Each structure stands twice: as structure tokens, then as C-alpha cells.
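*Asks:* Please find one structure pasted underneath; my questions will follow.
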Amino acid sequence: MSGPVGRTALVTGASRGIGRAVAARLAAERVMVLVHFGTDAGGAAATVDEVERAGGTALAIRAELGVDDDVETLFAGVEDALAGRSLDILVNNAAAPPTGPLGATTRAQFDHLFAVNVRAPYFIIERALHLMPDGGRIITISSVATRMANPAQTSFAMTKAAVETMSRTLAHQLGARGITVNAVAPGATRTPANGAVFDMPGLTEQITAMTALDRLGGPDDVADVVAFLASGAARWVTGQVIDASGGLFLGPCV
């Protein structure tokens, strides 16, 4: 699956969790990775260190998403880091987490959720296309929340449904340039940041019982799918939402 030497990638929200795993996985394919972070400078530095210790190349870029001029700030750093090179791969991973069910989410929380999860990826793609050559790759992280009715994640699921629709329509628009646009939908994925959630009594067992492959997912499970979509092997895959949940909630538990 190894790609040509010299490709570049921007991974948003790469200071921890799935974003860090994606950055490391792409770097293993000899891709230079731009590690975006919002506030966690230490986490971004740790991602860069992990990539470099493995023999890859990475640079950290700070830009808070969901605020005015977020894309301009991000791409000022991206263009400086690229130094005239193209941007071959974009992975929209950064996202604000669920804020609660209907009645618990404030208007400000709702607006912030959409600003980070929908507006930012849309305009990041728009800006990235000026740097992306024909044959580029655009991958956005969605969620299985779009196909499961979870009242605690209503507004969050709405944002992820929006980027899935965005991916399909942009795949249609950009196909003439050979640019593929896809989304990856993880399920329950345990990371160092959310590990305490899965330590709640009985939760891991409950989720595992609803998962066809009988375990929780990890960041590397998702990163491998992203790396495939970023590779030449996925040249004929576009406009798709790839479920990377291990088969979460495919049907009644037996």
C-alpha cells in the first residue's frame, strides 16, 4: 500500500487519539504529515515525536477551529510548512464532541458544534483544493452515530450526517480531477483520552456485545482504513462512507 515518496498530508485534530494514529500511519507510508492542533501543543509535539522516532517527517501547526479566520490561520501555517509543495492528502479529523440530548444543548453549544464539525471541514476543503494536485485524496472522519438513533448525540449526529453528504457531493464534483472524496465512520473507539469512559462498569461489555467483531475499536483500526483510502489502491473508491466500527449494532444481540 506504500505510496510514492514525497507526498504530503494535512491531518486536523492530530494531537491525540484517532488523529495521532492517522498521522503516524500515513508517515509510515513515507508521507510528510502536517499535524494540526487547536490547543494541545504538548499532544501535537508528542505526535510529531512519535512520527520522527519512526523515521517519518511531521510538523505541528496550530489553529483553533470554529472561530473567525480559523481557515486562514490554518493555511498560513500549512503553506509555510509546504514551502511551495502540493498538498496531496487531507484528513478532516478534528471535531467537537457531543453536547447532550435535545433540551440540554444550548444554542451556543449547537453553533460551536456545527462551526467545528461542519463549517470548518467545508472551508478547509475549499482552501486545500488550491494546493491539491489531480489525483489527491480527501477523507473526513464521520461516525456511526449517523445510522444509530442515540438521543444523547442528536446534534452531533446531525453534524456527521452533513459531512457524509458533503463527501458524496464533492466526490461527484471533483471526480474529473481524479480526486477521491470519502468519509470513514468509526464506532466505539477507545483512546487514551476517553479511556475513563469505557471504564464505567459494564459499558465495555455492553458495547462489545453489540459489536460483530466482539471488541472495542482502537485508533489504529480507523487509521488503517484512512491509509487505504489515501493510497493508490483506493483510486476507484469515491463518494463512500466506510464503516470502521467492527460491525457495531448490525442487528439484535443473540
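*Asks:* Could you list which residues have their amide H under 5 Å from that of residue 185, counting only those 5 or more apart in sequence or on another chain, with H placed in the peptide plane?
*Replies:* 142, 242, 243, 244
*Asks:* Can you tell me the order of 33-44, 194-205 when each peptide is scored by its average per-residue count of other Cβ atoms within 10 angstrom, highest first?
*Replies:* Most protected by this proxy first, the peptides run 33-44, 194-205.
*Asks:* Still on this structure, I have one more. Tell me, in nm to one decimal, what length is gained between residue 39 and residue 236 on full extension, where the rule is 0.36 nm per residue of separation less the Cα-Cα distance?
*Replies:* Between residue 39 and residue 236, full extension yields 67.3 nm more.
*Asks:* Something else: Using the per-residue mean of other Cβ atoms lying within 10 Å as a proxy for protection, in what order, highest first, do the peptides 165-174, 119-128 fall?
*Replies:* 119-128, 165-174
*Asks:* I've got another one for you. If I stretch the segment between residue 130 and residue 220 completely, what's the gain in nm (0.36 nm per residue apart, minus their alpha carbon distance), one decimal?
*Replies:* 29.4 nm
*Asks:* Something else: Give me the dipole magnitude in Debye, nearest 20, for region 135-254 about the Cα centre, with unit charges on the beta carbon: positive for Lys and Arg, negative for Asp and Glu.
*Replies:* Its charge dipole is roughly 500 debye.
*Asks:* May I ask you to derive the relative contact order of the chain, considering only C-alpha pairs under 8 Å and at least 6 residues apart, and to give it as an integer percent?
*Replies:* 19
*Asks:* State the extension gain, in nm to one decimal, for the chain segment bounded by residue 107 and residue 169, taking 0.36 nm per residue of separation less the distance between their alpha-carbons.
*Replies:* Stretched out fully, the residue 107 to residue 169 stretch lengthens by 19.5 nm.
*Asks:* For residue 96, list long-range residues whose amide hydrogen, built 1.01 Å from N in the peptide plane, is under 5 Å from its own amide hydrogen.
*Replies:* Here the answer is 117, since their amide H atoms fall under 5 Å of that of residue 96.
*Asks:* Next question. Put a dot 7 Å past each Cα toward the Cβ at residue 148 and residue 209; how far apart are the dots in nm?
*Replies:* 1.4
Every read-out reported here was derived from the displayed coordinates using simple, explicitly stated rules and does not represent laboratory data. Everything numeric here is computed off the predicted structure, so don't read it as measured data. Because the Cβ atoms are built from the backbone with ideal geometry, glycine has one as well, and the counts that use them run over all protein chains shown.
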